[in-house]
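Right, one structure below, let's go through it.
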Amino acid sequence: MKMKKYTASTMPEAMKLIRKELGDDAVILSSKVVYSKGFLGMFKKKTIEVLAGMDTYEQSSKTFEVPPMVPQESQKVSIEIKKELEDLKQMVKSIGRPEMLSSYPTEMKTLMDYLQEQELSEELITPLSDELFVHLKNSAADFEVEDQITITENLLKTQLEHLPFGGVSYTKKYINVLGPTGVGKTTTIAKMAARAVLEKKKKVGFITTDTYRIAAIEQLKTYAGLLQAPLEIIYNENDLQEAMVKFDKLDIVFIDTAGRNYKETKFVKDLQKLIEFEVNTETFLVLSSTSKQKDMEVIIEQFSEFPIEKFIFTKVDETNTIGSIINLMVKYNKGLAYYTDGQEVPEDIMEASLEELLKLFLKGIRYERSS
């Protein structure tokens, strides 16, 4: 058997090198995680070290360097081959499946497939899968899916725990709610306001700048009437200043911004001129979880100049994938205020927490395991 040692930053990278040089019939003889010493004991770098081999009867035009071995080492490798061949051979037998996740052992397939189906980004899946692989290698007993779910949950916590979670803080008077047309922004504002009135006993008011859609104004008028809350429609900065004077005695004022096509920079600039985002305000960006992640990224980029503190995701009940919520939070370093799952006011809105988000994300695989 011809053998060669490979080092790479991740297991998928090592698999690519092995597949390129040894072909799809190569086998993994051993693998381990190696940490460099780093500077003054800090900034340690993790690499994956893999020993791969190919039977000598395989025809190949390339010459491979065989690391020198003493008889005891040869015997050790032979034992590892018998022990690991069946569960690790799939790591290089992935012809026809270019996806990164096909390189991992069958024990991890259920969870890896689920993460991919949930559209979790490769930037998050790669460190997750590497960590799971290490646990698989070091596990003396069966590496059950439940154990893998727990490890995944803990690793995702480390990616998200520094971000802010939770809804309106009630420390600021003005709540600016941004978002494009069609995401359910006005209904979401009504749900937030209803909770402020019913649960927090706050006096609320509404300001809308959405003078382009009559239906949106009428909808907000209906909600304002039900909550017995005043509503002001503003067309320019002077109107906004007058509305603020009228609402001086209120606890919370929700500002419904115009639901325009924010792919056009002009509308974003108009909004910046109209609303004072730095004065006693909290700002949320509403996105639809049914949208493609790339489309949501375009919207976020357009609003990048606004002091957005947290996202709100609507229509969670209309999608089967939650991964994009986590992807966007990590990519843009933004927290999560609420997610909504229906049209009922105020019932169909959940104030976000890290624990509930991870429960929602992993609910599908836990349901599959229990059914």
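The values are calculated or read from the model by the stated rules, or taken from the named source; none is laboratory data. All of these numbers come straight from a predicted model, not from anything done at the bench. Note that we place each Cβ from the backbone using ideal geometry, even for glycine, and neighbour counts take in every protein chain shown. Note: accessible area is taken over every heavy atom of the protein model, side chains too, but ligands, DNA and RNA are not part of it. Shrake-Rupley method; radii C 1.70, N 1.55, O 1.52, S 1.80 Å.
At a glance:
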{"item": "Among (1) open to solvent by less than 60 Å² (accessible area, probe 1.4 Å); (2) modelled with pLDDT under 85; (3) in a loop (DSSP other than H, G, I, E, B); (4) not aromatic (Phe, Trp, Tyr) - the single one GLU278 does not satisfy", "result": "(1)"}
{"item": "Which listed residue, of ALA224, ALA190, ALA215, ALA194, is touching a Phe, Trp or Tyr at 6+ places or on another chain (Cβ under 6 Å), within 23 Å of SER288 (Cα to Cα) and either modelled with pLDDT under 95 or among the hydrophobic types (A, V, I, L, M, F, W, C) (or both)", "result": "ALA190"}
{"item": "Residue that is surrounded by the most Cβ atoms within 10 Å (Cβ to Cβ), among those in the range 166-207 that are of a type in the set (Phe, Trp, Tyr) and at negative phi", "result": "PHE206"}
{"item": "Residue in the range 334-341 that is closer than 26 Å to LEU111 by Cβ, buried (at least 16 other Cβ atoms within 10 Å of the Cβ) and not hydroxyl-bearing (Ser, Thr, Tyr) present", "result": "yes"}
{"item": "Output for the range 111-121, where each listed residue is open to solvent by less than 40 Å² (accessible area, probe 1.4 Å) and in a loop (DSSP other than H, G, I, E, B)", "result": "GLN118, LEU120, SER121"}
{"item": "Scope the range 122-156; condition more than 19 Å from PHE361 (Cα to Cα), in a helix (DSSP H, G or I) and open to solvent by less than 30 Å² (accessible area, probe 1.4 Å); matching residues", "result": "ASP130, PHE133, LEU136"}
{"item": "Flag if THR321 is open to solvent by 10 Å² or more (accessible area, probe 1.4 Å), in contact with a Lys or Arg (Cβ under 7 Å, 6 or more places away or on another chain) and part of a loop (DSSP other than H, G, I, E, B)", "result": "no"}
{"item": "The range 324-339 residues that are closer than 22 Å to GLN116 by Cβ, paired with ones that are among the hydroxyl-bearing types (Ser, Thr, Tyr) (beta carbon under 6 Å, 6 or more apart)", "result": "ASN327/SER121"}
{"item": "Of the criteria (1) open to solvent by 90 Å² or more (accessible area, probe 1.4 Å); (2) modelled with pLDDT of 80 or more; (3) assigned to a loop (DSSP other than H, G, I, E, B), which one GLU242 fails", "result": "(3)"}
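Per-residue answers, yes or no, for (1) hydroxyl-bearing (Ser, Thr, Tyr); (2) under 16 Å from the mean Cα position of the chain (by Cα); (3) closer than 23 Å to THR186 by Cα:
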residue: PHE306; (1), (2), (3): no, no, yes
residue: THR314; (1), (2), (3): yes, yes, yes
residue: THR321; (1), (2), (3): yes, yes, no
residue: GLU344; (1), (2), (3): no, no, yes
